[in-house]
Every structure is written in C-alpha cells, then in structure tokens.
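Participant: Shown below is the structure under consideration.
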Amino acid sequence: MKKLAILVIATMFTASVINAQNQSPSENESKASNTEAGTAKDPSFMNSESVNFESENSFDIDYPKASDAAWEKTGSIDQVNFVSSGQKMSAYYDFDGKLIGTATTKSLADLPEKAQKVLSSKYADYTVGPIIFYQDNDQNDANMVLWATEFDSEDLYFAELDKGGDKIVVEITPSGDVSYFTKI
C-alpha cells in the first residue's frame, strides 16, 4: 500500500512539475488558493481525502517563509507544492506528518559538470526534458517511488530524456555519475 501511495505521488509530482513549467505565476497562485480552501485544518477530520493536520504543522515549521502552498493527498502521503526563495519545490510528508523528502525543479546547467558531459555524449540522440533534484530526509526511513520505480533513500537528480517518443529517466548522483533509472 505504501509503495502504491508513493507511486501515485511521484506520478502526480511529475505531472505537476511539467504543468508548473507551462503555467504563469498567477495560474499557480489561483490553484494554490483553491487547493488550500479544501484542506482540513481540524485534526479530528482525518480521512483519505484530507491533508493531515500534522503535515501542515510540520510544513509551517520546516518552511516558514514558503509561499503559494498547494496541498494534495494521495493515500497516506501528503504532498505540498510551494515556492521557497524563488524556487518551485514539493515536499512529501508521511502519515505521521514527518518529512520524507523534497523535490526541486532544476535545469541542465544545475547538474554536475561530469553528468552534463555524459548526457551530451552517451545520450546525444536524446532531448533533455524535466529535471528534478530529490533530497531525502535522512531522519525518515521511507523510500520514494518515482516513475513507478522505488529507489533507496538518497539525494539524486532525475532527468527525463526523449528520443522520438522513446522516453527514459536517468538518475544522477551529486558527484555526477549517470545511470539508467527506468523507461516511461
């Protein structure tokens, strides 16, 4: 069940990152205010469709200066998409309201130089699509699932690559090592 919930969240995050890149800030603000209006603030009102009160409290402590927060609930995982210091981010909280990890949208230039060289040589026939950086919370043992593939909790970049409709995802370590992750 946990794997399924994380899988659904990962899919939603990918869609939200892609969608967020195509929206103006005013569209994101409108979505955020609509989503916040539907969240439950009362901890006694917990069901599968309500964001956990503890997650919201933890988020307020973790990111006190965040703006444009938009919450989603998938299974037992709460996801909040927000802006912090001008950077679009997503944070994932477990059923106890503890941070699992965060994801930020990145560009090709943000990747380690070693990874940029590998992508331009080994994957020269591919177009680089969305890139995210997943930063794991080492104090939470929950693993994440992205693109229907579970991975050990660690900090990693993920880049979508497209070659004429053939889409794959590669994972990239902070030191710049690039390896195949999955096909999408």
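The values are calculated or read from the model by the stated rules, or taken from the named source; none is laboratory data. The model shown is predicted, which means the values in this text are computed figures rather than measured ones. Note: ideal-geometry Cβ built from the backbone for every residue, glycine included; neighbour counts use all protein chains shown.
Participant: If only one of GLU154, GLU160, GLU150 is closer than 12 Å to LYS183 by Cα and either touching a helix residue (DSSP H, G or I) at 6+ places or on another chain (Cβ under 8 Å) or not aliphatic (A, V, I, L, M) (or both), which one is it?
Facilitator: On inspection, the qualifying residue turns out to be GLU160.
Participant: Follow-up question, since we're still on this one. Conditions first: (1) small (Gly, Ala, Ser); (2) in contact with a Gly (Cβ under 8 Å, 6 or more places away or on another chain); (3) modelled with pLDDT under 95. SER55 passes all but one, so which condition is the exception?
Facilitator: Failing condition for SER55: (3).
Participant: In the set SER107, SER120, which member is in contact (Cβ under 8 Å) with a residue 24 or more places away in the chain, small (Gly, Ala, Ser), exposed (fewer than 15 other Cβ atoms within 10 Å of the Cβ) and out of contact with any strand residue (DSSP E or B) (no Cβ under 6 Å at 6 or more places or on another chain)?
Facilitator: The unique qualifying residue is SER107.
Participant: Residues of the range 130-143 being in contact (Cβ under 8 Å) with a residue 60 or more places away in the chain and surrounded by fewer than 17 Cβ atoms within 10 Å (Cβ to Cβ), which ones?
Facilitator: The answer is PRO130, ASN143.
Participant: If you go through the range 57-101 one residue at a time, how many are buried (at least 18 other Cβ atoms within 10 Å of the Cβ), among the hydroxyl-bearing types (Ser, Thr, Tyr) and assigned to a strand (DSSP E or B)?
Facilitator: Of the residues in that region, 5 qualify.
Participant: Could I ask something else about it? In this structure, does SER179 turn out to be farther than 22 Å from ILE100 by Cβ and in a strand (DSSP E or B)?
Facilitator: So SER179 fits the description; yes.
Participant: Still on this model: Identify, by number, the condition in (1) farther than 30 Å from PHE53 by Cα; (2) part of a loop (DSSP other than H, G, I, E, B); (3) within 17 Å of the chain's Cα centre (by Cα) that ASP138 doesn't meet.
Facilitator: Failing condition for ASP138: (1).
Participant: Let me confirm something: among LEU146, LEU156, which residue is in contact (Cβ under 8 Å) with a residue 40 or more places away in the chain, under 30 Å from LYS98 (Cβ atoms) and not small (Gly, Ala, Ser)?
Facilitator: LEU146
Participant: Look at GLU154 and say whether it is surrounded by 18 or more Cβ atoms within 10 Å (Cβ to Cβ) and within 15 Å of the chain's Cα centre (by Cα).
Facilitator: Answer is no for this residue.
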